[in-house]
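Colleague: Have a look at this one.
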Amino acid sequence: MAEQLTGDDFNKLFRYFTSTAFRLEVQPVYDVTEERQSISEFLAGEPRPVTEFPFYAAWLDQIRSVTAEGRRVERVRVLSEPPTDYQRWEMWSGQYNIAAGEAIRYMSHGRARKIGLPIDNDWWLFDSQRLAVMRFGDQGEPLGGEIVTDPTIVSQHIDWWNLAVRHSSPDADVAQLASEST
């Protein structure tokens with residue numbers, strides 16, 4: 001069973017999950033208006049802490065809140081080879097996510113392909129029961145998504161979650177080197 005994913009749906013899923021929220025992040029770039037200034041400053045060599053940007057600060061507050069309650073938020077980022085400018089900014093800004101309680105791991109695109117991880121769409125898996133599949137255009141623009149609760153599809157994504165975590169590293173540089181050696 002699948003239903004259209006709206007921003008409000010995602011916010012509810014994220015706010016009310018009870019134990020785990022996992023994201024597989026595979027796009028080379030995301031077109032998020034609220035991130036543009038931070039990315040621009042980073043690429044100019046003058047980054048400010050992302051906590052100074054209201055959109056990002058609100059996200060980090062939410063991460064702190066749910067992780068303080070004992071819920072786990074984890075993501076694996078699949079990096080292009082070499083990483084895009086956007087991904088380099090994500091690796092830098094990820095320090096703030098980690099400080100807020102999120103676990104972030106990395107793997108290269110080549111490694112993901114080699115182990116059989118599907119890398120067409122991003123997704124969040126909530127409590128191993130609800131899957132939020134997200135679709136993006138070539139420039140990272142959001143194209144919508146769907147919420148999936150079909151146990152067979154969710155079970156496959158649980159397997160991919162475990163595969164992604166097992167073959168990734170909390171260190172982006174190590175993840176890139178692992179790609180070159182496999």
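Bear in mind these aren't lab numbers, they're just calculated from the coordinates by the rules spelled out. Keep in mind that what you see is a predicted model, and the values were worked out from it rather than measured. Because the Cβ atoms are built from the backbone with ideal geometry, glycine has one as well, and the counts that use them run over all protein chains shown.
Colleague: Under a Cβ-Cβ cut-off of 13 Å, what is the net charge of the residues other than Ala112 that fall near it, where Lys and Arg count +1 and Asp and Glu count -1?
Modeller: Result for the local shell: +2.
Colleague: Taking θ as phi - 60°, what are the ³J(HN,Hα) couplings along the stretch 20-27 by the Karplus curve (6.51, -1.76, 1.60), each to the nearest whole Hz, with x for Gly and Pro?
Modeller: For the stretch 20-27, the Karplus-derived couplings read 9, 10, 10, 10, 9, 10, 10, 6 Hz, x marking Gly and Pro.
Colleague: Related question: How big is the dipole moment of the stretch 17-77 about its Cα centre under a simple scheme where the beta carbon of each Lys and Arg is +1, that of each Asp and Glu is -1, and everything else is neutral? Debye, nearest 20, please. All intermediate terms of the calculation are to be shown ahead of the outcome.
Modeller: Details: 8 positive and 10 negative charges, 64 e Å.
Charge dipole of the stretch 17-77: 300 debye, to the nearest 20.
Colleague: To the nearest 20 debye, what charge dipole does the stretch 66-154 have about its Cα centre, counting +1 at the Cβ of each Lys and Arg and -1 at the Cβ of each Asp and Glu?
Modeller: On the way: 11 positive and 13 negative charges, 75 e Å.
Computed charge dipole of the stretch 66-154: roughly 360 debye.
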